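Before any comments, here is the structure.
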Amino acid sequence: MIKNLFTKRDHRIVSGITKEQAMQGASWFWRSRNFGVTFNSPYSFYGAQFYSKLGLRQSVTVYAAPEGSEVALDVTFSAELTG
């Protein structure tokens with residue numbers, strides 16, 4: 001049995017950095033929190049973390065896209081309990 005605890009989606013516009021810098025910083029952030037990060041493309045990655053004692057699975061998906069002279073970041077974070 002899998003029970004979805006929550007899913008949160010956030011879309012932010014960041015100025016003063018490139019898409020590459022945004023993805024490098026985001027992947028470093030999630031890796032430093034013990035998420036296994038896998039890049040789907042140069043500007044998209046998926047990260048996951050699993051606590052077996054609790055049955056807690058957390059996942060994050062991050063996309064970066066150009067938004068004029070700025071960078072748009074789309075982050076989806078979810079947590080589930082498993083049996």
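The values are calculated or read from the model by the stated rules, or taken from the named source; none is laboratory data. Given the structure is predicted, the values throughout are model-derived calculations rather than measurements. As a convention, Cβ positions derive from the backbone with ideal geometry for all residues, glycine included, and neighbour counts pool all protein chains shown. Ligands, DNA and RNA are stripped out before the accessible areas are found, and what is left, the full protein with its side chains, is counted by its heavy atoms. Shrake-Rupley method; radii C 1.70, N 1.55, O 1.52, S 1.80 Å.
Annotations for the structure displayed:
- Structure-derived Cα extents along the principal axes in Å - corresponding label in (1) 55, 31, 21; (2) 46, 20, 18; (3) 58, 25, 20: (2)
- Relative contact order for the chain, counting Cα pairs under 8 Å that sit 6 or more residues apart, in percent: 42
- In terms of overall dimensions, segment 37-83 has a Cα radius of gyration and Dmax of 13.8, 46 angstrom.
- Against the chain, whose longest principal axis is taken from its Cα atoms, helix 19-32 shows a tilt of about 30°.
- When you count the other C-beta atoms within 10 angstrom of each residue and take the mean per peptide, 29-36, 11-18, 70-77, 45-52 line up highest first as 70-77, 45-52, 29-36, 11-18.
- With every protein chain in place, the chain: carbon and sulfur % of accessible area (1.4 Å): 55
- Helical contribution to [θ] at 222 nm, DSSP H n ≥ 4, -39,500 (n - 2.57), averaged over the chain, rounded to 500: -5500 deg cm²/dmol
- Computed from the C-beta positions of Val75 and Lys53 and an R0 of 25 Å, the FRET efficiency is 0.40 to the nearest 0.05.
- Full extension of the chain segment joining Trp28 with His11 gains 4.2 nm, where the gain is 0.36 nm per residue of separation less the Cα-Cα distance.
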